[in-house]
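K.L.:
Sharing a structure, written as structure tokens. Questions coming.
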Amino acid sequence: MKIRVLQESDAQMYQQVRLDGLRKDPSAFGTTYDREEKFSLEMVAERIKPSMDKFVLGAFGDHGNLFGVVVFVRETGMKTRHKGNIYGMYVVPEKRGIGLGKELMGEVIRKAREMEGVEQLNLTVISNNNPAKKLYMSLGFEIYGQERNALKYENQYDDEDLMVLRFKVMVEET
């Protein structure tokens, strides 16, 4: 597997994987297939275009197929620039269980650590998604809260666990 930052030219492959995730795991995302299938390729290209504060990583197989994605977005507020957020983590079902998710998350963590001033990563995960939570905890993320009924889809509610990975241990003055 090769992991790299996606470019606008990867928009079609990204959109296919994203729609696959929204179709197969609708409760795992804060958006819906019906909404995103209407996005033009130009809109998708703009969404994945890398910048100083945002990038999308893709995991590619030997033949150039995209098998997994994860999004990093840094907070832009003066008092919140020390935080980055992880969104849209997804690995296609046929490539799960081989460590691809861990590789993707490891690379997003590595890239975020290299960014000046980023001190922590935040993410949310559906509370009953135990495989994802186990992955995130194995990388050092901790649950710091839960939002009940965070998502509602087709009259079904899902809770979300709020997770954080702190790069620096803050020393409290006594």
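The values are calculated or read from the model by the stated rules, or taken from the named source; none is laboratory data. Keep in mind it's a predicted model, so treat the numbers as computed, not measured. Neighbour counts are summed over all protein chains in view; Cβ atoms, including those assigned to glycine, are modelled from backbone coordinates with ideal geometry. SASA here: full protein model, heavy atoms, side chains in, ligands and nucleic acids out. Shrake-Rupley method; radii C 1.70, N 1.55, O 1.52, S 1.80 Å.
K.L.:
Between region 14-78 and region 120-165, what's the alpha-carbon centroid distance in Å?
P.N.:
When both Cα centres are located, 19 Å separates them.
K.L.:
In addition: In whole Hz, what ³J(HN,Hα) sequence does region 83-93 give by Karplus (6.51, -1.76, 1.60; θ = phi - 60°), x for Gly and Pro?
P.N.:
10, x, 10, 10, 9, x, 5, 7, 10, 4, x
K.L.:
Give the shape of region 92-172 as rounded, prolate or oblate, defined through the alpha-carbon gyration tensor: a ≥ b ≥ c are the square roots of its eigenvalues, a/c under 1.5 means rounded, and otherwise the shape is prolate if a/b is larger than b/c and oblate if not.
P.N.:
oblate
K.L.:
Tell me whether region 1-45 comes out rounded, prolate or oblate; compute the Cα gyration tensor, take square roots of the eigenvalues as a ≥ b ≥ c, and use a/c under 1.5 as the rounded threshold.
P.N.:
The shape class here is oblate.
K.L.:
With a probe of 1.4 Å, find how much accessible area region 62-174 has per residue, and write the answer as a whole number in Å².
P.N.:
62
K.L.:
Which net charge results for the neighbourhood of residue 20, defined as the other residues with beta-carbon distances under 12 angstrom from its beta-carbon, given Lys and Arg at +1 and Asp and Glu at -1?
P.N.:
0
K.L.:
Moving on. For residue 79 paired with residue 167, estimate the spin-label separation in nm (one decimal), with each label point 7 Å from Cα along the Cα-to-Cβ line.
P.N.:
So the two model labels end up 2.2 nm from each other.
K.L.:
Any idea how many Lys pairs in region 1-78 come in under 21 angstrom at the alpha carbon, given 8 or more places apart or on separate chains?
P.N.:
Total qualifying Lys-Lys pairs in region 1-78 comes to 4.
K.L.:
What ³J(HN,Hα) values, in whole Hz, does the Karplus curve 6.51 cos²θ - 1.76 cosθ + 1.60 give for region 108-114 when θ = phi - 60°, with x put for Gly and Pro?
P.N.:
5, 5, 4, 5, 5, 4, 6
K.L.:
Could you count how many Lys pairs in region 91-174 have their Cα atoms under 25 Å apart, skipping same-chain pairs fewer than 8 positions apart?
P.N.:
For region 91-174, qualifying lysine pairs total 14.
K.L.:
Still on this structure, I have one more. For region 70-162, run through the trypsin sites (Lys or Arg not before Pro) and keep only the ones in DSSP coil with at most 10 other Cβ atoms within 10 Å of their Cβ.
P.N.:
Sites meeting the loop and neighbour criteria: 79.
K.L.:
Under the rule of -39500 (n - 2.57) per DSSP H run of 4 or more residues, summed and divided by the residues of the chain, what mean residue ellipticity at 222 nm is obtained, to the nearest 500 deg cm²/dmol?
P.N.:
About -8500 deg cm²/dmol.
K.L.:
Only one of the listed values, [x] 1.28; [y] 1.04; [z] 1.87, was derived from the coordinates as Cα Rg over 2.2 N^0.38 Å; which label is it?
P.N.:
Looking at Cα Rg over 2.2 N^0.38 Å for this model, the match is [y].
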